[in-house]
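**Q** Quick one: the structure is below, questions incoming.
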Amino acid sequence: MTRHFLTLKDLSRSELVALIQRAIALKKDPTGPQTAELMRLRTMVLIFEKTSTRTRTSFEVACAHFGGSSIFLSPTDSQMSRGESISDTARIVSSMADLIVMRTSEHSRVCTMAEYSAVPVINALSEDFHPCQLLADLQTFFEHRGNIQKARAAFVGDGSSNVCQSWINAAAMMDFELRVGAPEGYHPKRALVETAGNRCKVTTSAQEAVSDVDLVITDTWTGMGQENEKTQRLDALSDFQVNQQLMALASKEALFMHCLPAYRGQEVSAEVLEGPQSVVWDEAENRLHAQKALMELLMT
Ligand code: CP
Ligand code: NVA
């Protein structure tokens, strides 16, 4: 059966832990003989309906390291922008290519791609979830702190963001506490929070969320596709900036994460982003290693 990766929950807990360990090993030894052939004579097609720096680069570099070729279809390149259906596109692309990586708006679009594709489909970000980001973020936490089980993490800012919602899945799967500090109107989907049981708590206080946590996370206040709400978002979220004052309430050893791109002076201060607790550059680099481990899992 063709395996897809649309949310973190497409992996079992043990697969996720093994994938993180594999990503750490691939980072230490990227040239092992087992890796060079994975994509030989195989092609990855990236169908991106939104812009990207890290996700596109990391997938294309991973594919090149694995000996494969890749094709990038931006919104203006494919016939989907002129109304060709996702289901037709999935059948056609998967009859020629070996892996589809899709970045899109509604989560249902990547689900439809997977439904009609004969080859694995990876969600490279939808409005609801960004699971590839979480692979890299979990790898980063493991590298710095050994394990995340029983840790305490806080997501501060737009709790309805795809990154926050993927952190909720991670908390349920990896058994750590995630507190979401977000204003009314910017909370994660209630049904999703409920799936995490006591592993996820939502509060309207940023201070309460970060109190004594081991990890503070944020994301842009205005995600891709939300540009027309920018003024209202900056206003609603203005008390939820991660700055040194807020970080001082977390544990002394707390790490700071941000998927990037970051907007200094909005969701995070420049001091925190560039400061000693920030591991954002590791997160970005780990996109490459974690997605290599994901490709191995789906392609072998
Ligand atoms: N974090 C992330 O997904 O970055 P890009 O939008 O640059 O791919
Ligand atoms: N939440 C952000 C993540 C960017 C990587 C967005 O969707 O734009």
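The values are calculated or read from the model by the stated rules, or taken from the named source; none is laboratory data. Keep in mind that what you see is a predicted model, and the values were worked out from it rather than measured. Every residue, glycine among them, receives a Cβ derived from its backbone with ideal geometry; neighbour counts consider all protein chains shown.
**Q** Does Met257 count as surrounded by 20 or more Cβ atoms within 10 Å (Cβ to Cβ), over 23 Å from Ala23 (Cβ atoms), modelled with pLDDT of 95 or more and touching a strand residue (DSSP E or B) at 6+ places or on another chain (Cβ under 7 Å)? Don't jump to the end; show me each part of the working.
**A** Details: surrounded by 20 or more Cβ atoms within 10 Å (Cβ to Cβ): yes; over 23 Å from Ala23 (Cβ atoms): no; modelled with pLDDT of 95 or more: yes; touching a strand residue (DSSP E or B) at 6+ places or on another chain (Cβ under 7 Å): yes.
Here the answer is no, as Met257 does not meet what is asked.
**Q** Same structure, new question: With (1) part of a loop (DSSP other than H, G, I, E, B); (2) more than 16 Å from ligand 2 (Cβ to nearest atom); (3) hydrophobic (A, V, I, L, M, F, W, C) as the list, and Ala262 as the residue in question, which single condition is left unmet?
**A** (2)
**Q** Among Val163, Val202, which is in a helix (DSSP H, G or I), in contact (Cβ under 8 Å) with a residue 40 or more places away in the chain and of a type in the set (Val, Ile, Thr)?
**A** Going through Val163, Val202 in turn, the sole match is Val163.
**Q** Which of the residues belonging to region 205-221 are within 22 Å of the chain's Cα centre (by Cα) and either part of a loop (DSSP other than H, G, I, E, B) or at pLDDT below 95 (or both)?
**A** Listed by number, the residues that qualify are Val213, Asp214, Asp219, Thr220, Trp221.
**Q** Regarding Ile168, is this residue among the aliphatic types (A, V, I, L, M), out of contact with any Asp or Glu (no Cβ under 9 Å at 6 or more places or on another chain), surrounded by 14 or more Cβ atoms within 10 Å (Cβ to Cβ) and within 27 Å of Leu16 (Cα to Cα)?
**A** yes
**Q** I'd like to check which strands (runs of 3 or more DSSP E) are fully inside region 52-157 and have at least 1 residues that are buried (at least 19 other Cβ atoms within 10 Å of the Cβ) and more than 16 Å from ligand 1 (Cβ to nearest atom).
**A** Hits in region 52-157: 99-103, 121-123, 152-156.
**Q** Ok, one more. Test of understanding: among Thr195, Thr222, Thr218, which residue is buried (at least 22 other Cβ atoms within 10 Å of the Cβ) and of a type in the set (Ser, Thr, Tyr)?
**A** Exactly one residue qualifies, and that residue is Thr218.
**Q** Can you find a residue that is crowded, with 18+ Cβ neighbours inside 10 Å, of a type outside the set (Asp, Glu), away from ligand 1 (no atom under 16 Å from the Cβ) and assigned to a strand (DSSP E or B) anywhere in region 36-46?
**A** Yes, there is a match, as at least one residue in region 36-46 is crowded, with 18+ Cβ neighbours inside 10 Å, of a type outside the set (Asp, Glu), away from ligand 1 (no atom under 16 Å from the Cβ) and assigned to a strand (DSSP E or B).
**Q** Return the only residue of Glu194, Glu208 being free of Cβ contacts under 8 Å to residues at least 12 places away in the same chain and out of contact with any helix residue (DSSP H, G or I) (no Cβ under 8 Å at 6 or more places or on another chain).
**A** None of the other options fit; the residue is Glu194.
**Q** Any residue at all in region 57-73 that is of a type in the set (D, E, K, R) and within 16 Å of ligand 2 (Cβ to nearest atom)?
**A** No, the conditions are met nowhere in region 57-73.
**Q** State all residues of region 241-254 that are more than 30 Å from Gln21 (Cα to Cα) and either among the polar types (S, T, N, Q) or part of a helix (DSSP H, G or I) (or both); if no residue qualifies, say none.
**A** Within region 241-254, Gln241, Asn243, Gln244, Gln245, Leu246 meet the criteria.
**Q** Quick one: how many residues across region 71-91 are over 27 Å from Leu41 (Cβ atoms) and hydrophobic (A, V, I, L, M, F, W, C)?
**A** Looking only at that region, the number is 0.
**Q** Whether any residue in region 273-294 is in a helix (DSSP H, G or I), away from ligand 1 (no atom under 15 Å from the Cβ) and surrounded by fewer than 17 Cβ atoms within 10 Å (Cβ to Cβ) is what I want to check.
**A** Checking region 273-294: at least one residue is in a helix (DSSP H, G or I), away from ligand 1 (no atom under 15 Å from the Cβ) and surrounded by fewer than 17 Cβ atoms within 10 Å (Cβ to Cβ).
**Q** Taking the stated definitions as given, is Ser161 touching a Pro at 6+ places or on another chain (Cβ under 8 Å) and either within 27 Å of Val101 (Cβ to Cβ) or within 16 Å of ligand 1 (Cβ to nearest atom) (or both)? Quick ask: steps written out before the conclusion?
**A** Working: touching a Pro at 6+ places or on another chain (Cβ under 8 Å): no; either within 27 Å of Val101 (Cβ to Cβ) or within 16 Å of ligand 1 (Cβ to nearest atom) (or both): yes.
Against the criterion (touching a Pro at 6+ places or on another chain (Cβ under 8 Å) and either within 27 Å of Val101 (Cβ to Cβ) or within 16 Å of ligand 1 (Cβ to nearest atom) (or both)), Ser161 does not qualify.
**Q** Out of region 226-238, which residues are surrounded by 13 or more Cβ atoms within 10 Å (Cβ to Cβ) and either touching a Ser or Thr at 6+ places or on another chain (Cβ under 6 Å) or closer than 21 Å to Val202 by Cα (or both)? Don't jump to the end; show me each part of the working.
**A** From region 226-238, those surrounded by 13 or more Cβ atoms within 10 Å (Cβ to Cβ) are 226, 229, 233-234, 236-237; that's our starting set.
Scanning region 226-238 gives Arg233, Leu234, Ala236, Leu237.
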